[in-house]
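S.K.: Encoded as structure tokens, here's the structure I'll be asking about.
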Amino acid sequence: MLRALPLRPFNRCFPSKPLSTLMPKRKSSSEAVETPAKKSRLVKTKEQPEPLAQRSESLWKVGAHVSAAGGIQNAIANAAAVGANSFALFVKSQRKWTSPALTQETISAFKAGLKEHGYDPRHILPHGSYLINLGNPDATKRKKSYDCFLDDLKRCEALGLALYNFHPGSTVGQATTEESISLIAQSINDAHKATESVVTVLENMAGAGNIIGGDFQHLAQIIQQVDDKTRVGVCLDTCHMFAAGYDLRVKEEWDRIVTTFDEQVGLQYLRAMHLNDSKTPHNSKKDRHENIGMGHIGLTAFHHILNDVRMQGIPLILETPSFEQPEVWATEIAVLDGLSGFDLQSEEGLDGLVERVKAVVKRAEGGGKKGKKGKKAPAKKGKKKEEQEDEEDEDE
Ligand SMILES: [Zn+2]
Ligand SMILES: [Zn+2]
């Protein structure tokens, strides 16, 4: 039976029992209304976002890449407000080489916030700066990237975080794939020596041009050259996988992909996933994130993931367009959480869930700033969205 998803209309406080209390018995959401939502006391923020959804107790840790505007401690309440059981954030401006150091006050507020909201550092996946290219054969440019990378890692450690996700890099057309891979591994080794504990998590890429990481083998080759294997891992982005040629739509294919990953890289290295649908078709080599169920991948693929025990206990992060409306992610998280144990043979099927996402996206597109991507910084002035995205595909 289709479970009633505990979602409320726009901007309404959603005081309810945790989603998990609804899940096994599949009660209607109307039974779950009355307890006032717990207010956070410790994190001092300008404004605590009103909770739109309660967090589920699912073993699959679904969350989103939330905004850290106004101070990174704000990311925690933003994640909790959309019912996220994991989250991603930028630990400094993702488009600048340097940012002011974290203050002791920010660090304390962040740590207090994690405790207050009960987030485990294993479920938090900071995303590295988009500028970093550790595969660049130009030593001066690579050094600039490395300094930015190392600074990110140190920020993570100061904040008590365990993981750090970044894009492997690009040859920029000036080196062979093998050469760039060695340079990337070398930087990781150097950074490991300069830090204590944070695990560097390589993201698979969409497979465009000179970019490293479209093929699982690239990730395997980097890991092979990393000395401290306990401090390296992989984050699999569904949109990137699909764009790079891995077709996760059919269950048998999904299982084959995971087996291939296990053989080539090793499942023990899988530390996180990014859950994104794709605006572009299979094997397009294009990185265009779409809301869950609304793109070429489709909701069935996410059903494979949310019912695969191998994907339990790791952050499963949405980087879908939110149009700055938190209810988009609240809905996507509830829909994804609802997929675990969902019977595909049921009469309702997945269509009703897709409709829920479509409806909230439509409302958000009307109310939010059109075209703005959830995980991205505001579009540069005077540039259209597509232009900005194309810039991101370039290898710098
Ligand atoms: Zn990424
Ligand atoms: Zn990603």
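S.K.: Within the stretch 187-204, how many residues turn out to be assigned to a helix (DSSP H, G or I) and crowded, with 18+ Cβ neighbours inside 10 Å?
M.R.: From the stretch 187-204, those assigned to a helix (DSSP H, G or I) are 187-194; that's our starting set.
If we keep only those that are crowded, with 18+ Cβ neighbours inside 10 Å as well, we get 187-188, 191-192.
Residues that pass the stated criteria total 4.
S.K.: Could you list, in sequence order, the residues of the stretch 109-140 that are surrounded by 13 or more Cβ atoms within 10 Å (Cβ to Cβ) and either hydroxyl-bearing (Ser, Thr, Tyr) or over 23 Å from the mean Cα position of the chain (by Cα) (or both)?
M.R.: Those that are surrounded by 13 or more Cβ atoms within 10 Å (Cβ to Cβ) and either hydroxyl-bearing (Ser, Thr, Tyr) or over 23 Å from the mean Cα position of the chain (by Cα) (or both): Tyr119, Ser129, Tyr130, Asn136, Pro137, Asp138.
S.K.: How about the stretch 157-169: which of its residues are surrounded by fewer than 24 Cβ atoms within 10 Å (Cβ to Cβ), small (Gly, Ala, Ser) and either within 15 Å of ligand 1 (Cβ to nearest atom) or under 17 Å from the mean Cα position of the chain (by Cα) (or both)?
M.R.: Once the filter is applied, which keeps residues that are surrounded by fewer than 24 Cβ atoms within 10 Å (Cβ to Cβ), small (Gly, Ala, Ser) and either within 15 Å of ligand 1 (Cβ to nearest atom) or under 17 Å from the mean Cα position of the chain (by Cα) (or both), the stretch 157-169 yields only Ala162.
S.K.: Now, a different point. I'd like the full set of residues that are within 18 Å of Tyr146 (Cα to Cα) and in contact with a helix residue (DSSP H, G or I) (Cβ under 6 Å, 6 or more places away or on another chain), limited to the stretch 197-212.
M.R.: Result: Val198, Val199, Thr200, Leu202, Ile212.
S.K.: Quick check on this structure: which one of Ser86, Ser93 is within 16 Å of ligand 1 (Cβ to nearest atom) and modelled with pLDDT of 95 or more?
M.R.: Unique residue meeting the criteria: Ser86.
S.K.: If you go through the stretch 104-159 one residue at a time, how many are under 25 Å from Leu275 (Cβ atoms) and β-branched (Val, Ile, Thr)?
M.R.: So the count comes out to 2.
S.K.: State yes or no: is Pro121 within 15 Å of ligand 1 (Cβ to nearest atom) and under 24 Å from Met311 (Cβ atoms)? Lay out the reasoning, then the answer.
M.R.: Details: within 15 Å of ligand 1 (Cβ to nearest atom): no; under 24 Å from Met311 (Cβ atoms): yes.
Here the answer is no, as Pro121 does not meet what is asked.
S.K.: (1) over 11 Å from Leu275 (Cα atoms); (2) surrounded by fewer than 23 Cβ atoms within 10 Å (Cβ to Cβ): which one isn't true of Ile305, the others all being true?
M.R.: With (1) over 11 Å from Leu275 (Cα atoms); (2) surrounded by fewer than 23 Cβ atoms within 10 Å (Cβ to Cβ) applied to Ile305, the lone miss is (1).
S.K.: Moving on to the next point. It is to be established whether one or more residues within the stretch 296-310 are polar (S, T, N, Q), within 16 Å of ligand 2 (Cβ to nearest atom) and touching a residue at least 12 places away in the same chain (Cβ under 8 Å).
M.R.: Of all residues in the stretch 296-310, those polar (S, T, N, Q) come to 300, 307.
Going one step further and asking which of them are within 16 Å of ligand 2 (Cβ to nearest atom), we end up with none.
The answer is no; no qualifying residue exists.
S.K.: For the stretch 328-353, enumerate the residues that are within 12 Å of His303 (Cα to Cα) and touching a residue at least 24 places away in the same chain (Cβ under 8 Å).
M.R.: Matches in the stretch 328-353: Val335, Leu336, Asp337, Gly338, Leu339, Ser340, Gly341, Phe342, Leu344, Leu350, Leu353.
S.K.: Further question on the same structure: Determine which single condition Asp152 fails, assuming it passes every other condition in (1) surrounded by 24 or more Cβ atoms within 10 Å (Cβ to Cβ); (2) within 15 Å of ligand 1 (Cβ to nearest atom); (3) not in a helix (DSSP H, G or I).
M.R.: Against the list (1) surrounded by 24 or more Cβ atoms within 10 Å (Cβ to Cβ); (2) within 15 Å of ligand 1 (Cβ to nearest atom); (3) not in a helix (DSSP H, G or I), Asp152 comes up short only on (3).
S.K.: Here's a follow-up. Quickly run through the stretch 141-156 and pick out the residues that are over 19 Å from the mean Cα position of the chain (by Cα), under 17 Å from Ala101 (Cβ atoms) and not hydrophobic (A, V, I, L, M, F, W, C).
M.R.: Asp147, Asp151, Lys154
S.K.: Part of a helix (DSSP H, G or I), over 30 Å from Asn307 (Cβ atoms) and touching a helix residue (DSSP H, G or I) at 6+ places or on another chain (Cβ under 7 Å): which single residue out of Gly71, Gly113 fits that description?
M.R.: After ruling out the rest, the residue left standing is Gly113.
S.K.: Kindly indicate the residue of the stretch 181-231 that is within 16 Å of ligand 2 (Cβ to nearest atom) and among the polar types (S, T, N, Q) and also nearest to Leu153 (Cα to Cα) among those meeting that condition.
M.R.: Top of the filtered list is Thr200.
S.K.: Still on this structure, please answer the following. Starting from the stretch 213-237, keep only residues that are charged (D, E, K, R), then list their pairs with residues that are within 16 Å of ligand 2 (Cβ to nearest atom) and not in a loop (DSSP other than H, G, I, E, B) whose Cβ atoms are within a distance under 8 Å, requiring at least 6 positions of separation or different chains.
M.R.: Qualifying pairs under 8 Å: Asp215/Ala244; Arg231/Thr200; Asp237/Glu203; Asp237/Met273; Asp237/His274.
S.K.: To continue, here is another question. Having 2 or more residues that are closer than 21 Å to Ser180 by Cα is the bar; report the strands (runs of 3 or more DSSP E) wholly within the stretch 205-323 that clear it.
M.R.: Fully inside the stretch 205-323 and qualifying: 232-237.
S.K.: Against the definition (more than 17 Å from the chain's Cα centre (by Cα) and either within 16 Å of ligand 2 (Cβ to nearest atom) or farther than 28 Å from Glu57 by Cβ (or both)), how does Gln264 come out, yes or no?
M.R.: Against the criterion (more than 17 Å from the chain's Cα centre (by Cα) and either within 16 Å of ligand 2 (Cβ to nearest atom) or farther than 28 Å from Glu57 by Cβ (or both)), Gln264 qualifies.
S.K.: Could you tell me whether the stretch 208-218 includes any residue that is crowded, with 22+ Cβ neighbours inside 10 Å and touching a Lys or Arg at 6+ places or on another chain (Cβ under 6 Å)?
M.R.: Taking every residue of the stretch 208-218 in turn, none turns out to be crowded, with 22+ Cβ neighbours inside 10 Å and touching a Lys or Arg at 6+ places or on another chain (Cβ under 6 Å).
The values are calculated or read from the model by the stated rules, or taken from the named source; none is laboratory data. Keep in mind it's a predicted model, so treat the numbers as computed, not measured. Cβ sites come from the backbone with ideal geometry, for glycine too, and all protein chains shown count toward neighbours.
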